[in-house]
1. Using Cα pairs under 8 angstrom and six or more residues apart, how large is the relative contact order of region C:274-496, in percent?
2. Return the equivalent ellipsoid semi-axes of region C:64-173 as a descending list in whole Å, where each equals the square root of 5 times an eigenvalue of the C-alpha gyration tensor.
3. With just the Cα atoms defining each centre, how far is region A:210-249 from region A:46-121? Give it in Å.
4. Among the lysines, select those whose C-alpha is under 20 Å from the C-alpha of C:K263, and discard any that sit fewer than 8 residues away in the same chain.
5. Distance from a point 7 Å along Cα→Cβ of C:K262 to each backbone N in region C:486-506: keep the residues under 19 Å and list them by number.
6. For C:K71, which lysines qualify as cross-link partners when the Cα separation must be under 20 Å and same-chain residues fewer than eight apart are set aside?
7. From largest to smallest, what semi-axes in whole angstrom does chain C give when each is the square root of 5 times an eigenvalue of its alpha carbon gyration tensor?
8. What is the dipole size for region B:90-324, taken about its Cα centre, with +1 at each Lys and Arg Cβ and -1 at each Asp and Glu Cβ, in debye to the nearest 20?
Amino acid sequence: MERVETPLRLFWRRFKRNRLAVAGGIIVISLFFVAIFAPYLSPYDPNEIDVSSILLPPSLDHPFGTDELGRDVLSRMIWGARISLQVGFVAVGIAVVIGVVLGAIAGYYGGMVDSLVMRFVDIMLSIPTFFLILAVIAFLEPSIFNIMAVIGLTSWMGVARLVRAEFLSLKEREFVMAAKSLGAGDMRIIFRHILPNAMAPVLVSAVLGVAGAVLTESALSFLGIGVQPPTPSWGNILTAGKDNIEIAWWLSFFPGLAILVTVLGYNLLGEGIRDAIDPRLRI
Amino acid sequence: MALYVIKRLITMIPVLIGITLISFFIIHLAPGKPTDILTELNPKITPEARERLEKLYGLDKPLHIQYLMWLKKVVRLDFGNSFSTDRRPVIEKIKERLPVTILINLLSILLILVTAIPIGVYSAVRQYSFFDKVMTVFVFVGFATPTFWLALLLMILFGIYLGWLPISGLTSLGYEKLTLWGKFTDLAQHLLLPVFVSAFGGLAGLSRYMRSNMLEVIRQDYITTARAKGLPERRVIYRHALRNALLPVITILGLSVPGLIGGSVIFETIFAIPGMGQLFYQGVLMRDYPLIMGILVIGAFLTLLGNLLADLAYALADPRIRLGG
Amino acid sequence: MKRFSLLLLAAFFLLYPSINRGQEESGPSYGDTIVVGSIGEPSILIPMLASDSASHDVAGLIFNGLVKYDKDLTLTGDLAESWEVSPDGLTITFHLRKDVKWQDGVPFTAEDVIFGYKTIIDPRTPTAYKEDYLQVKEIHAPDPYTLVVKYEKPFAPALASWGNLPVLPKHLLEGKDITQTDFGRHPIGTGPFKFVEWIPGDMVVLEANPGYFEGRPYLDRYIYKVIPDQATMFLEAKALNIDLMGLTPIQYTRQTNDAFFKKYFKKYRFPAFAYTYLGFNLRDPRFKDRRVRQAIAYAIDKKEILQGVLFGLGSIATGPYVPNTWPYNPNVKRYPYNPEKARQLLKEAGWEDTDGDGILDKDGRPFEFTILTNQGNSLRIKTATIIQWRLAKIGIRVKIRTVEWATFINEFVDKRRFEAIILGWSIGLDPDQYDIWHSSKTGEKEFNFIGYSNPEVDELLEKGRRTFDIEERKKYYYRIQEILAEDQPYVFLYVPDALVMVSSRFRGIEPAPIGITYNIHKWYVPKRLQRYVPIP
């Protein structure tokens, strides 16, 4: 009944039918584009101060207005996209690798290994992540590298739990039994048979993770302990926005919107991917 | 069940030890020794602060002794004295601030539960309906909204333009003179925005999880079977499907506890609520290490408690977990 | 609470309209509360131990000094009724008021001042204000209401130093370690307001002292409300929950002009006795070279900072005194923005961009340094950002680091662990700045933290504080300003204006050169406008 298709083509065919997912993909790709070509795209030097044009509302000269030192908000946001992208991907990359490996090991082997890993997960989960990040940053220095590393190292537990849960239920399934009875090795079963079937929640979780990392970075910068000025980040533009929220809506509105759209993009993309690869949805 | 609880409590012991280990490790992040040239050039931590730390935590002793010394103090809830000008014991400062933070977090969890689950279930049952679409948009947008941004917008809307709600703090002036009912409504007015904001992210996320779990469960064979048997749809949904769909939600809820507690830093700072989060933020700005360590450990204990409750709820909801074993 | 009390008021007004109207004309009425907003929370309510303005704001209402500055900036009696200075200037005799009681009912006497003096000079007392009192040779009280203070050498700032710092209740504190007692959190003073409670992180509540020697304040309560965020505080004010707060220049120029604001608030602007500067650590070999400091002064556009940071609400600083005070010398060397001149001076000092990376270097080391300032002061952070950008243009790379205030002072400034700082001085009304500029004042915790040393300035400072004649003192301080302008140990940046908003329901506010809050115990709210009424 079904035509023989490579999984990738099948995936793509399904994915592109989902308009929201495509929209999410476009948002994410645009972000990459903006971040990479920031020097060519930004109309002004993001740090160019001009005290004669402080807090100007959006206009043709400054589409997103100017900040409290007369700097062009659009240019600062374009450069801020770089920070957002870096933090999101590096942090989540770290988190997913740790989470998948530990979750898979725990779920597949069970027993002692499982309890050990899960105790570790419990420990990490028991420390409020934001507290942990703040504490570490209080002891170290607020810098973009520290922030990425700390966010990554404190956000893998969700992935680990999900992967483990999937493994727990999947390893009892017929296809795994079948693979085992055919003499497949542990590694093969984990990575070829179970993991692909467990990827959907991991992907969703990773995408939410990017969103979370972007939000965490902006919150830290907003509180003044994230990316340090004058390096532009959406979070620290929002800090200035907060100080002037009544008279300079553009300072809060655009960076807040940028964060919102970015996170939205990752979410739509992630859910789209999930829908497209989840075999259980295929009827 | 009692056996399960006892078992869980016992398994908490290594977790507790682990938490103290990680916290202890963080103390050692403080860079440099007084002798380091780097310390001089890089004034993150000064020799004097370092000295005080060394005294407090016995940093000149071998590692395992340091840890045991520190642990002994932690068990007695002795986190030393704050570095700030008042030099008060850390635990006293935390005690003052803790009730507010716990109250707000409990209310947030409650709010998340009573709104997110119905939204998720209804969206799943009526998949692709108008309600589902609206909720999907709400959830996506809601999940993507930075809460501090939302807090500011709500403050402007309800505090300034509409004038319905107070903007900051926990109680009005003259609170102590109000009647009991007056106190209650006053507190409720002050708590409304902070609770809503702190619940917001979790709310969107959880209803999304709820919806997708529900969708998955509905597609399962046993649901089809139940329907085929001619059971009424309501019974199928609420007795069979919901129970199974709730399982992962409980996990996620348990996971969201530390997020809520951590989030208290942000909204307590914005709304000027004198809770533990605000205290922690001030501690971080002041590099008040004893205070930071104290709140970190206390926060971890609280979360552990939350997780334990989530686990118990999981056990209650999932017959597959063999309670005796 | 708010709505309830308003309702109650409305009812009252309907029943007795004529009485209420009559009252407003007939004079001040008692009652109501003033809520003062502050970003910082007080740390301790003992004047001599406090180093932050929040603590002094509150403690200043609880404690009195022997003398104070009146609204026109002349010294006048407070706890002292009168005083005599001996012809040689070495002895001051204070005659104290006899009707003053501590808020616990115990009479105030000269013994309390002697006790405070002994506490402040005690080496174990951690106070930044010892210096003036170390000048005292002898102090004694011939009777409970007379205090005689003798000095070794003539000391011009002597009289002014007997403000509220050295006045403590002996009967409560004798024999106790002042740093360990609870007194700093539950103070008892002689002032117009007395302490009620301190809710940590939230507010300090004071109430009218019925036995205040100048008469009970009209206001029932004074609440010092802590809101750590300036924008939130402003929103609270617009929701009418804050009655008095300082404004930022942006708030003053752009956010306080609508009809709503004009109906409910009045705003005040007056020159502050303060200036902001960029100070160099002169122990750093790069900043030892005067040409480098002058170059940086030329490279910073002070007009731009005045415009960008203060919206023009202030003036450019030229030295450590503010315009329109008698020691201020308007004719000193100035440093208008001139990047060419800056580059040339740096070149003379050996700083050139030899490797073409856009950063000046000397002996293979690039010119970069860190400006340290305190967190939470957006004006200073903005100033730092502008300086960073301007210095980048002449090839100096600047990093900015912000540190929380207490840490900033205790760990960095006091320990001299900085390259350059942006900080402000609020200046006393006596021109003596021995503590700031004298080369002997470079020790830990002392105020010459930049390590400035100029023998001529030392001598002038010494002469200035030993002379009583204003015209003669003026000569010394004029010369000091010339030297400082030439030396540029600080790049003097700006003198800000103080910007304050107060709820329009308060009456009795009389703006004066010293500001507005000097007579807060005379402020009142006409009965029909009172917001906070006690519910019986």
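1. Values: 385 pairs, mean separation 76.9, N = 223.
34 percent.
2. Equivalent ellipsoid semi-axes, largest first: 20, 17, 14 Å.
3. Taking the Cα centre of each part, region A:210-249 and region A:46-121 sit 11 Å apart.
4. Here the lysines satisfying the reach criterion relative to C:K263 are C:K2, C:K238, C:K527.
5. C:500-506
6. Straight-distance partners of C:K71: C:K266, C:K267, C:K522.
7. That gives 42, 31, 20 Å for the three semi-axes.
8. Values: 19 positive and 12 negative charges, 173 e Å.
Computed about the Cα centre, the dipole is about 820 debye.
The values are calculated or read from the model by the stated rules, or taken from the named source; none is laboratory data. Just so it is clear, the model here is predicted, and its values are computed rather than measured. Because the Cβ atoms are built from the backbone with ideal geometry, glycine has one as well, and the counts that use them run over all protein chains shown. The protein model used for the area step is the full one, side chains on, heavy atoms only, and it has no ligands, DNA or RNA in it. Shrake-Rupley method; radii C 1.70, N 1.55, O 1.52, S 1.80 Å.
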